[in-house]
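Note sheet for the following structure.
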Amino acid sequence: MSSTRERTYLTNLDWVLTVDATDTVLHNAAVVIEDDTITAAGPNDMVLQEYPPEPGDTVRDGASLGMSPGFVDTHVHLSETLSRAVFPDNLATRAWVFHWAKPFYAHVDPDDEAVSVGLGVAEMLRNGTTCFLDMGAQNDAGITARVAAAAGIRGIVGRHAADRPPPELPPGWTEEMVRHHFFADHVEALEALADAVRTWNGYADGRIRCWVNIEGKEPCSLELHVGARALAEELGVGTTYHLASSIQEARVSERRYGRWPISRIDDHGGLGKNLVLAHAVAVADHEVALLAESGTGVAFCPFSSLKLGKGATSSIGRYPELIDAGVTVGLGTDGVAASGNLNLMRQLPVVAGMFKDARLDETLIGAHKALRMATIDGARALGWDDEIGSIEAGKKADFVLWDLDHPDWVPFADPVQALVWSAGTASIRETWVGGHPVYANGAVLALDEPALRAEARERAAAIVRRAGLTDHTPTTTTLYD
């Protein structure tokens with residue numbers, strides 16, 4: 001090994017949850033990092049014998065620490081972070097989007113968005129998330145790319161686009177927002193999305209990627225849905241959009257087109273392995289096979305489903321069936337207005353247990369699968385599992401260090417059970433991305449968090465005033481019906 005490379009040893013780790021193909025758990029382990037990559041992970045004595053430290057190497061004792069892969073958030077809205085606890089919790093998905101979210105987004109200017117992204121990234125890093133898939137910027141994908149890169153996180157950004165504006169704009173929508181998001185047709189939309197990918201994909205030495213992201217659902221034509229995936233394939237990237245996110249959406253699709261949303265997209269060749277569907281709650285029995293056979297990924301957001309009543313545990317929610325069929329299902333937080341937080345760790349016990357309880361079947365999901373959904377399965381959905389999602393030699397050094405002296409961990413036997421069912425983010429000692437700590441000593445190292453929080457409070461209140469969101473804002477909708 002060349003002495004010119006930066007090399008770090010974490011030794012005597014109590015355990016390492018590798019989340020490899022066989023869910024190997026290493027005890028009394030060591031991990032060697034060269035620059036941004038894991039060189040070795042294994043039993044402490046064996047690693048030190050095979051890779052003896054050299055002068056200039058950093059050797060750190062990891063006693064009383066555990067290590068897991070960093071979490072991968074497969075669906076988040078970073079431009080929404082200033083809307084925490086603004087919208088009421090008696091909204092179904094479509095009213096939430098059309099009468100609350102759209103007016104809020106319409107009044108988020110570029111400076112607001114930069115603060116929103118910074119605040120969201122800080123929350124994610126504090127909670128062990130090391131990689132994200134953002135749905136799309138309200139202004140410019142470059143804002144998300146630059147702020148996220150500066151904070152040290154890994155992620156996928158996008159521009160966001162649609163091409164079917166409503167005939168009359170609801171209160172709070174602005175002409176400026178409609179001009180920016182809604183294109184004359186799918187051809188113009190795809191041209192703008194391609195420009196964003198060419199500009200931002202591979203930013204920050206590849207730590208930031210850019211996809212062909214569209215809004216999906218009613219505001220997008222069939223041609224835009226299908227065209228986004230085709231363009232993404234041409235550019236060698238992925239695409240994501242909302243689809244089958246509620247029974248109301250499915251019923252509108254059936255009434256208009258005679259097909260539920262997933263079937264309609266599949267009829268026109270729109271499904272594929274470079275597509276991640278956000279939510280995919282309203283899934284018919286036969287559509288499980290369509291998703292599996294096409295290789296389409298799914299981002300499941302448990303908190304969003306609970307808050308908006310999407311139906312994950314009802315007769316239309318088929319996540320256990322999707323998993324059994326081989327569909328890659330990752331976990332997402334959604335935005336803070338939809339789910340309340342960007343803490344992917346809070347999703348773990350919910351997804352591990354919600355289907356056990358709903359179906360009276362204690363064998364469904366569980367801790368080990370929940371952890372995989374939050375790590376390697378999320379990385380696979382993002383097409384990034386060759387570099388992240390597990391602790392293995394050759395992968396990027398993205399991981400979380402857990403304080404095993406924290407009360408959450410005293411005592412424990414199985415670290416996976418303890419992580420999912422017992423631990424909270426207060427026991428996260430450090431979050432690392434690309435071989436360096438980005439959250440440590442109780443702070444996100446690259447951000448002035450106190451100043452960020454103070455500015456966020458002021459900007460959030462101003463956006464709500466400009467958007468005109470009040471107790472009189474509608475809580476039901478007939479838009480796009």
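The values are calculated or read from the model by the stated rules, or taken from the named source; none is laboratory data. Keep in mind the model is a prediction, meaning the values are calculated, not measured. Here the Cβ is made from the backbone with ideal geometry for all residues, glycine too, and neighbour counts use every protein chain on show.
For every residue, the table says whether it meets (1) surrounded by fewer than 19 Cβ atoms within 10 Å (Cβ to Cβ); (2) free of Cβ contacts under 8 Å to residues at least 40 places away in the same chain; (3) in contact with a helix residue (DSSP H, G or I) (Cβ under 6 Å, 6 or more places away or on another chain); (4) not assigned by TED's automatic domain parsing to the domain that holds LEU243.
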site	(1), (2), (3), (4)
THR174	yes, no, yes, no
HIS186	no, no, yes, no
THR199	yes, no, no, no
ARG207	no, no, no, no
Screening ILE143, ILE156 for residues that are within 25 Å of the chain's Cα centre (by Cα) and either in contact (Cβ under 8 Å) with a residue 60 or more places away in the chain or outside the structural domain of ALA228 (by TED's automatic domain parsing) (or both) leaves only ILE156
Look at the range 337-380 and say how many of its residues are more than 19 Å from the chain's Cα centre (by Cα) and among the charged types (D, E, K, R). 5
Using beta carbons and a limit of 8 Å, which pairs, at least six apart or on different chains, have the first residue in the range 468-481 and under 19 Å from GLU168 (Cα atoms) and in contact (Cβ under 8 Å) with a residue 24 or more places away in the chain and the second one among the basic types (Lys, Arg) and not in a loop (DSSP other than H, G, I, E, B)? THR477/ARG94; LEU479/ARG94; TYR480/ARG94
Filter the range 31-46 for residues that are free of Cβ contacts under 8 Å to residues at least 24 places away in the same chain and closer than 21 Å to SER390 by Cα; the one that is surrounded by the fewest Cβ atoms within 10 Å (Cβ to Cβ) is MET46
Do you know which residues across the range 315-334 are in contact (Cβ under 8 Å) with a residue 60 or more places away in the chain, assigned to a loop (DSSP other than H, G, I, E, B) and buried (at least 24 other Cβ atoms within 10 Å of the Cβ)? GLY332, THR333, ASP334
Search the range 335-350 for residues that are part of a helix (DSSP H, G or I) and pair each with any residue that is of a type in the set (Lys, Arg) and buried (at least 22 other Cβ atoms within 10 Å of the Cβ) when their beta-carbon atoms are under 8 Å apart and the residues are at least 6 apart or on different chains. none
Has the range 410-433 got any residue that is of a type outside the set (Lys, Arg) and on the phi > 0 side of the Ramachandran plot? no
Going through the range 447-475 in order, the residues found to be surrounded by 12 or more Cβ atoms within 10 Å (Cβ to Cβ) and assigned to a loop (DSSP other than H, G, I, E, B) are LEU447, ASP448, GLY468, LEU469, THR473, PRO474, THR475
Going residue by residue through the range 384-393, is there one that turns out to be buried (at least 22 other Cβ atoms within 10 Å of the Cβ), under 21 Å from the mean Cα position of the chain (by Cα), more than 16 Å from ASN343 (Cβ to Cβ) and among the hydroxyl-bearing types (Ser, Thr, Tyr)? yes
So which of PRO166, PRO171 is part of a loop (DSSP other than H, G, I, E, B) and touching a Leu at 6+ places or on another chain (Cβ under 7 Å)? PRO166
Which of the residues that make up the range 284-314 are assigned to a loop (DSSP other than H, G, I, E, B) and more than 30 Å from VAL86 (Cα to Cα)? ALA284, GLY295, THR296
